[in-house]
Amino acid sequence: MPASPSTARAINDRLALRLLQQEGPLTAGQLKQLTGLSRPTVADLVERLSVAGLIAVVGEAGEQRRGPNAKLYGIVADRAYLAALDVRTEGVSVIVSDLLGRVLAEASVPIGDDTGTGPAVEQAVALVERAAKEAGAVGAPPREGVRAWGRLHTVGIGAPGLIDPATGELRDSSGLPAWHRRLVAALQERLPDARVIVENETNLAALAEQRDGAARDRDTFVLLWLGQGAGAAVVLDGALRRGASGGTGEIGFLPVPGTGGLPSATDCAGGFHSLAAAGAIVRLAGECGVGVDGGGLGAAELVRGAVGGSAASGGAAARFLDALADRLAIGVASVVAVLDPGCVVLGGEVGQAGGEVLAGLVEERVRRLSPLVTEVRASVLGGGAVLRGALLTARDRAQDELFTPPGR
């Protein structure tokens, strides 16, 4: 059944807007060429989108023949502002961008373990408000006929823990600070005109690696997150898989040999977390004689130093990397046996620090453990993948609304 005229117009408008975002400013002639639409249809959609305040003339193409096709049309970047948060047990980081993803402000604040829930929430909310003000995303009067013009439209939050697939809310998880769950409600209360969405940090990192990082050429892959904790995200046929309870990828609870116990429903000690989380990696480095004189280096710094050969002399660095690869291969081989993703990305700060060296060592071991051919890659984005993924998610959500002109 052919699409109705209004549906066809909506499809054409969205196609043009996506092209303008991906390619940058385009002429009407270029839009015609890229969309395959007729010249009158392109002229109509340019007029509609201009009237709706979604695009504007941003220059001229420099063509020899001047005329309507010489005008360059671009997305109105300040049509909306977006914020992205990376919420961790030890603090919060935030970036604010325009609709094209250009970062206008960024900030972070540490939050200590002894900080109460109320003060912790206030510190985090105040950080977002300051960044939004610096970016010019607050205080601007709404443009007539356009909701929240020039203001913070969508806030994307990446946080550890499970996201309820039915409600989209962060579930109460043992071991995580109480202020994490309170923060989402507090932001919605203080920013009533903004949409606030929350997603598991590892899922957001996988989204970022797929769009802009190590998995750009993969529709199916697994991201193994190596940070303060250990987690995984699963992307199958281009879609992020969350599971019935939002727990797909909770690899920290995977029972593994050599940990002296089994994990429980409330404690991942004895699981893969005990082998691959930051604290376990630091202890392993010490056992191998790496970083013993480094004065409290973190896991990523120790791995980076070992890869570069600067953290230890002799064979200590090699022993450390080999032992770490042995540990990581257990988790990777388990994922491969169940999902056969063909590609596993070592993510987070540790995965990025290990680079191709650590990825190659893990791939070699997985090749011996599994008959399923699996490429192991190092993260391109590292710990910054969470913020990038939160920003991409916020932008996608905003565009779903903003890229539909009024009256649809």
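The values are calculated or read from the model by the stated rules, or taken from the named source; none is laboratory data. Remember, it's a predicted structure, so these values are computed and weren't measured experimentally. Every residue, glycine among them, receives a Cβ derived from its backbone with ideal geometry; neighbour counts consider all protein chains shown. Accessible surface is based on the protein model in full, side chains and every heavy atom, while ligands, DNA and RNA are left aside. Shrake-Rupley method; radii C 1.70, N 1.55, O 1.52, S 1.80 Å.
Laid out as a table, the results:
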quantity: Inter-label distance, nm, simple model (7 Å from Cα along the C-beta direction), Ala178/Val373; calculated: 5.4
quantity: Length gained when the stretch Arg216-Glu189 is fully extended (0.36 nm per residue, less Cα-Cα span); calculated: 6.1 nm
quantity: Unit charges on C-beta of K, R, D, E only; dipole of the stretch 65-138, Debye; calculated: 940
quantity: Antiparallel content of DSSP bridges confined to the stretch 215-380, in %, to 5; calculated: 60
quantity: DSSP-defined antiparallel bridges as percent of all bridges, the chain, nearest 5; calculated: 60
quantity: Solvent-accessible area, 1.4 Å probe, carbon plus sulfur percent, for the chain; calculated: 51
quantity: Estimated inter-spin distance, Val109 and Asp237, nm [label 7 Å along Cα→Cβ]; calculated: 4.5
quantity: Charge sum, other residues only, whose C-beta stays under 11 Å from Arg377's C-beta, Lys/Arg counted +1 and Asp/Glu -1; calculated: -3
quantity: Estimated FRET transfer efficiency (Ala70, Glu287; beta-carbon r; R0 45 Å; 0.05); calculated: 0.10
quantity: Gain on full stretching of the segment that runs from Thr259 to Val58 - 0.36 nm per residue minus C-alpha separation; calculated: 66.3 nm
quantity: Using θ = phi - 60° and Karplus 6.51 cos²θ - 1.76 cosθ + 1.60, couplings along the stretch 227-241 (whole Hz; Gly, Pro as x); calculated: x, 4, x, 10, x, 8, 10, 10, 10, 10, 6, x, 10, 6, 9
quantity: Order by protection proxy (mean Cβ within 10 Å, highest first), peptides 372-382, 158-168; calculated: 372-382, 158-168
quantity: Mean Cβ neighbour count within 10 Å, used as a protection proxy, ranking 80-89, 128-137, 32-41, 107-116 highest first; calculated: 80-89, 128-137, 32-41, 107-116
quantity: Highest-fluctuation residue, Ala52, Ala70, Ala186 considered, GNM on the chain with Cα pairs under 10 Å; calculated: Ala70
quantity: Residues in the stretch 93-109 reached by a label modelled at Arg130 [backbone nitrogen below 15 Å; 7 Å Cα→Cβ]; calculated: 93-96, 105-109
quantity: Residue-averaged [θ]222 nm for the chain, counting only DSSP H segments that reach four residues, each worth -39500 (n - 2.57); calculated: -13500 deg cm²/dmol
